[in-house]
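The values are calculated or read from the model by the stated rules, or taken from the named source; none is laboratory data. What you see is a predicted model; the values in this text were computed from it and never measured. Heads up, the Cβs are rebuilt from the backbone with ideal geometry, glycines too, and the neighbour counts pull from every protein chain shown. The accessibility values were calculated without ligands, DNA or RNA, using every heavy atom of the protein model including side chains. Shrake-Rupley method; radii C 1.70, N 1.55, O 1.52, S 1.80 Å.
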Amino acid sequence: MKTVGIYLFDNVEVLDFAGPFEVFSVAQRLHAMASSKPDEQLFDVVTVAEQKKPVIARGGLNVMPGYAIDYHPDLDILIVPGGVVDMELKKQKVVSWIGSTADSSEITASVCTGAFLLAHAGVLDDKVVTSNWEDIDELRRRFPEIEVQGQQRWIDQGHIVTSAGISAGIDMSLHLVSMLTGAAHAAKTAKQMDYDWNLNP
């Protein structure tokens with residue numbers, strides 16, 4: 001089983017975190033329905049925030065995280081979504097947690113401006129990355145040591161995967177499901193979601 005942890009914060013973009021959450025949870029549900037051993041999980045999807053108290057996502061959506069950064073299960077996969085990240089970039093405790101969690105996880109991924117948080121934590125050093133089209137130039141300006149590419153839905157650098165904005169996080173998450181469980185299961189997940197999966201980065 002892989003534990004997938006999605007970081008939440010005030011002004012997080014809703015689909016940036018909800019899209020990956022849906023992909024991994026649907027992939028798990030389909031596995032449980034088809035398996036002769038439904039208790040053997042593929043994925044356990046959890047949410048983590050700075051504190052275990054409601055965060056207010058963009059648009060005013062209130063979300064209660066499952067865990068705080070001081071106490072959560074070991075994460076095999078860390079997903080850092082985007083949104084308005086300015087305040088998060090100023091939180092040294094959060095940035096340090098992202099860096100240390102990325103070091104210990106099997107895969108660390110970002111959606112949209114989540115790449116700024118990974119970059120600030122030193123996770124993207126010497127990597128080729130992407131982000132939302134609107135933020136590409138700013139990412140290059142702030143972090144000149146990182147090779148930032150536009151015009152791609154996601155970029156897979158092995159244990160570091162970054163994606164463009166919002167819906168691209170769903171494509172990236174399906175790509176991760178494909179890597180971890182096989183293309184057929186990822187395709188079934190996309191079909192169950194009635195989502196037209198863009199397989200091309």
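Yes/no per residue for (1) free of Cβ contacts under 8 Å to residues at least 12 places away in the same chain; (2) under 21 Å from Leu139 (Cβ atoms):
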{"site": "Asn11", "(1), (2)": "no, yes"}
{"site": "Asp16", "(1), (2)": "no, yes"}
{"site": "Glu22", "(1), (2)": "no, no"}
{"site": "Gln28", "(1), (2)": "no, no"}
{"site": "Pro54", "(1), (2)": "yes, no"}
{"site": "Gly59", "(1), (2)": "no, no"}
{"site": "Leu78", "(1), (2)": "no, yes"}
{"site": "Val85", "(1), (2)": "no, yes"}
{"site": "Lys93", "(1), (2)": "no, no"}
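Quick check on this structure: which one of Val95, Val80 is in contact with a Ser or Thr (Cβ under 7 Å, 6 or more places away or on another chain) and within 20 Å of Phe116 (Cα to Cα)?
Numbers: Val95 fails: in contact with a Ser or Thr (Cβ under 7 Å, 6 or more places away or on another chain).
Answer to the check: Val80.
With the condition kept exactly as written, say whether any residue in segment 174-188 is out of contact with any Cys (no Cβ under 7 Å at 6 or more places or on another chain), assigned to a loop (DSSP other than H, G, I, E, B) and open to solvent by 30 Å² or more (accessible area, probe 1.4 Å).
no
One residue is enough: does segment 109-120 have a residue meeting the conditions surrounded by fewer than 18 Cβ atoms within 10 Å (Cβ to Cβ) and either within 17 Å of the chain's Cα centre (by Cα) or not hydroxyl-bearing (Ser, Thr, Tyr) (or both)? Let's see the steps before the verdict.
So in segment 109-120, the residues surrounded by fewer than 18 Cβ atoms within 10 Å (Cβ to Cβ) come out as none.
Scanning segment 109-120, I find no residue that is surrounded by fewer than 18 Cβ atoms within 10 Å (Cβ to Cβ) and either within 17 Å of the chain's Cα centre (by Cα) or not hydroxyl-bearing (Ser, Thr, Tyr) (or both), so the answer is no.
In segment 33-89, which residue that is assigned to a helix (DSSP H, G or I) and more than 21 Å from Asn132 (Cβ to Cβ) is modelled with the highest pLDDT?
Within segment 33-89, the first condition is being assigned to a helix (DSSP H, G or I), and the residues that meet it are 33-34, 86-89.
With more than 21 Å from Asn132 (Cβ to Cβ) added as a condition, the list becomes 33-34.
Numbers: Met33: 86, Ala34: 79.
For segment 33-89, the residue satisfying everything is Met33.
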